[in-house]
Amino acid sequence: MFDFLELPLQNRGIYFAKVSLAISYLSAVFDRFGFWGHFGETGVSWGSMTQFFKHVSTLCPWAPENMIPVIGWVVTALEALIALAYIINTKNKFINIANIFLLILFLVSMSLFQSIKMMINFNVIVCFAISLLIYFADYNDNKEKRT
């Protein structure tokens with residue numbers, strides 16, 4: 001692992017941004033597996049993968065019905081992978097780009113097929129901004145190490 005206290009102050013902020021985003025992703029993943037409770041309970045968005053697939057079908061009306069679970073599982077796996085990579089403080093360009101791409105998909109899909117207000121309520125813009133911050137911070141950090 002690494003020693004958080006040994007990081008320069010700005011890197012601590014970037015790490016905190018990574019962990020914050022990771023917690024958001026993991027919370028959503030846990031919700032899909034019923035960790036936070038059942039669908040309809042306070043604070044529970046899905047409560048099961050079945051409910052999440054219904055949400056995916058709303059966001060992906062263009063997708064054939066048999067692809068909805070595939071899309072749902074891919075998104076879930078990506079969110080979990082990105083979260084774990086951020087928690088261990090990986091500075092991986094692929095992870096950062098995958099994260100940005102995923103959030104662009106969320107931004108567009110939620111805006112077009114749900115509502116702009118829901119996209120704002122789910123803080124997708126904030127997560128996207130944090131993702132860009134992480135990408136550029138990691139890029140600059142890696143660039144400095146190369147020179």
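Derivation of every value follows stated rules applied to the coordinates shown; laboratory data play no part. Just so it is clear, the model here is predicted, and its values are computed rather than measured. Backbone-built Cβ (ideal geometry, glycine too); neighbour counts: all protein chains shown.
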TODO: Compute the relative contact order of the chain as a whole-number percentage, counting only Cα pairs closer than 8 Å that sit 6 or more residues apart in sequence.
DONE: 24
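Let me know the volume per residue of the alpha-carbon convex hull for the chain, in Å³.
Values: hull volume 18.0 nm³, N = 147.
In the chain, the Cα hull volume divided by residue count equals 123 Å³.
Name the chymotrypsin sites (Phe, Trp or Tyr not before Pro) in the range 1-89 that are in a loop by DSSP and that have at most 11 other C-beta atoms within 10 Å, would you?
Of the chymotrypsin sites (Phe, Trp or Tyr not before Pro), the ones in loops of the range 1-89 whose Cβ has at most 11 other Cβ atoms within 10 Å are 2, 62.
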TODO: Work out the P(r) tail for the range 67-109: percent of alpha carbon pairs separated by more than 15 Å, whole number.
DONE: 46
- [ ] Quickly work out the residue 133-to-residue 49 label distance, labels modelled 7 Å from Cα along the C-beta direction, and quote it in nm with one decimal.
- [x] 3.4
Open item on the list: Given points 7 Å out from each Cα along the Cα-Cβ axis, report the residue 113 to residue 80 separation in nanometres with one decimal.
Closed with: 2.2
Open item on the list: Can you compute the charge dipole magnitude of the chain about its Cα centre, using +1 on each Lys and Arg Cβ and -1 on each Asp and Glu Cβ, nothing else charged? Give it in debye, rounded to the nearest 20.
Closed with: 280
Task: Hull-based mean projected area of the range 62-141, where the convex hull spans the alpha carbons, in square nanometres - done: 5.5
Task: Angle between the chain longest axis and helix 124-146 axis [Cα atoms, degrees, rounded to 10] - done: 30
TODO: Quick one: angle between helix 93-113 and the longest Cα principal axis of the chain, in degrees between 0 and 90, rounded to 10, please.
DONE: 30
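Calculate, in nm to one decimal, what residue 20 and residue 90 gain on full extension: separation in residues at 0.36 nm each, minus their alpha carbon distance. Please report the intermediate quantities before stating the final value.
On the way: separation 70, 0.36 × 70 = 25.20 nm, distance 1.45 nm.
The residue 20-residue 90 span can extend by a further 23.8 nm.
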Task: Gain on full stretching of the segment that runs from residue 104 to residue 42 - 0.36 nm per residue minus C-alpha separation - done: 19.5 nm
